[in-house]
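S.K.: Take this structure, written in structure tokens, and hold onto it; I'll ask about it next.
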Amino acid sequence: MKNYLTDVEGIKVGHAQSYDAMTGCSVIICENGATGGLDVRGSAPGTRETDIFKAEKLVDKVHAVVLSGGSAFGLEASTGVANFLEENNIGFDVGVTKVPIVSQAVLFDLIIGDYKVRPDKEMGYRAAKAASSEEDSRGNVGAGTGATVGKALGPNLAMKGGLGSASIKVGELVVAALVAVNAVGDIYENKKQIAGPYNIKEERLYSTMDYMKAKQNEIGFSNTNTTIGVIATNASLTKPQANKVAQVAHNGYARAINPVHTMSDGDSIFAMATNKIEANMDLVSQLAAEVMELAIIDGIKNAKSYKNNLSWQEINK
């Protein structure tokens, strides 16, 4: 066990990024197809190929999920992933070829690095080509490259977010999470704030909720946020069950992020089930929430500072 999404057999993860532009994408591949689910709680999402997760839709397997920066521009990355999968004969068989089912969610990272450079077809292809069952990178990598958190007092006081992962094994059951932490809100571990607006001169964290209560209607968030993640499991799930797992996994967001699911967040969670073992549905769902909380904290603790956006590591030296 690597405490990573790739602890689920049949799941591969690959990353590609530009450190000059501070943006990137992460690709989660299941070559044999995974039963997919999705739950979107934020009010400003950017997504691709999400209708397939509805119970009444024909296709019941997804071959890849892409998490990327670049806001809506970053949706182009999926094209590169689809091209790579088709070249490798992975997808939904339509006779003349196999059509890869590739879903995606994006986060807003245009205020950091170079906003003119976004995850594109070439970057998506590179991430898919790099995908491996041995991958365990976290922090400033893939979709977490340009992630920041705690933006209530503006981007200059925001702290650096990142890509995090975690896994839990109970008997033969494995439930794992991968998440790019780019929340407008603050991050908590065991109810203690560990990231948020940070005043470098005063060397102190501010509470976004306290600020909101004090300012009431005076505060408004810009569209510079969104936490996006994936739950993977070896449990056998139907599409409705996978959607339920994604839904319950948002409790992990709520435990680790406050405020969460705001009008300026596009918070989304995908579920991918490889259908290897039978498992109790409620156990899978509750483990999904637990492992997502751990993955969010992992992303914060593995992030590296970028200019004025200090990391958890930096302020805890």
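S.K.: Considering only segment 42-57, state which residues are in contact with a Gly (Cβ under 9 Å, 6 or more places away or on another chain) and under 22 Å from Leu237 (Cβ atoms).
M.R.: Thr47, Ile52, Phe53, listed by residue number.
S.K.: Let me ask something additional. Out of curiosity, is Lys304 in contact (Cβ under 8 Å) with a residue 12 or more places away in the chain, outside any helix (DSSP H, G or I), open to solvent by 60 Å² or more (accessible area, probe 1.4 Å) and under 30 Å from Leu157 (Cα atoms)?
M.R.: Criteria met by Lys304.
S.K.: Still on this structure: Only one of these is at pLDDT 95 or above and open to solvent by less than 10 Å² (accessible area, probe 1.4 Å): Ala254, Ala271. Name it.
M.R.: It is Ala271.
S.K.: Here is a follow-up. Which residue is surrounded by the most Cβ atoms within 10 Å (Cβ to Cβ), if the candidates are limited to segment 66-107 and must be in contact with a helix residue (DSSP H, G or I) (Cβ under 8 Å, 6 or more places away or on another chain) and on the phi > 0 side of the Ramachandran plot?
M.R.: In this case the residue turns out to be Gly70.
S.K.: Filter segment 181-204 for residues that are part of a strand (DSSP E or B), open to solvent by 50 Å² or more (accessible area, probe 1.4 Å) and closer than 26 Å to Arg138 by Cβ and give the result.
M.R.: Glu189, Lys192
S.K.: Starting from residues that are in a loop (DSSP other than H, G, I, E, B) and either under 20 Å from Ser68 (Cα atoms) or touching a residue at least 12 places away in the same chain (Cβ under 8 Å) (or both), keep the ones in segment 274-284 and report whichever is least open to solvent (accessible area, probe 1.4 Å).
M.R.: Here the answer is Ala279.
S.K.: Ok, one more. Would you confirm whether or not segment 214-233 contains a residue that is in a helix (DSSP H, G or I) and either open to solvent by less than 10 Å² (accessible area, probe 1.4 Å) or closer than 19 Å to Leu5 by Cα (or both)?
M.R.: no
S.K.: Here is a follow-up. Which pairs turn up if I take residues in segment 22-40 that are under 22 Å from Asn225 (Cα atoms) and in contact (Cβ under 8 Å) with a residue 12 or more places away in the chain and look for partners that are part of a strand (DSSP E or B) and acidic (Asp, Glu) with beta carbon separation below 9 Å, at least 6 apart in sequence or on another chain?
M.R.: none
The values are calculated or read from the model by the stated rules, or taken from the named source; none is laboratory data. Everything numeric in this text was worked out from a predicted model, so none of it was measured. Backbone-built Cβ (ideal geometry, glycine too); neighbour counts: all protein chains shown. The area values use the complete protein model at the heavy-atom level, side chains included, leaving out ligands, DNA and RNA. Shrake-Rupley method; radii C 1.70, N 1.55, O 1.52, S 1.80 Å.
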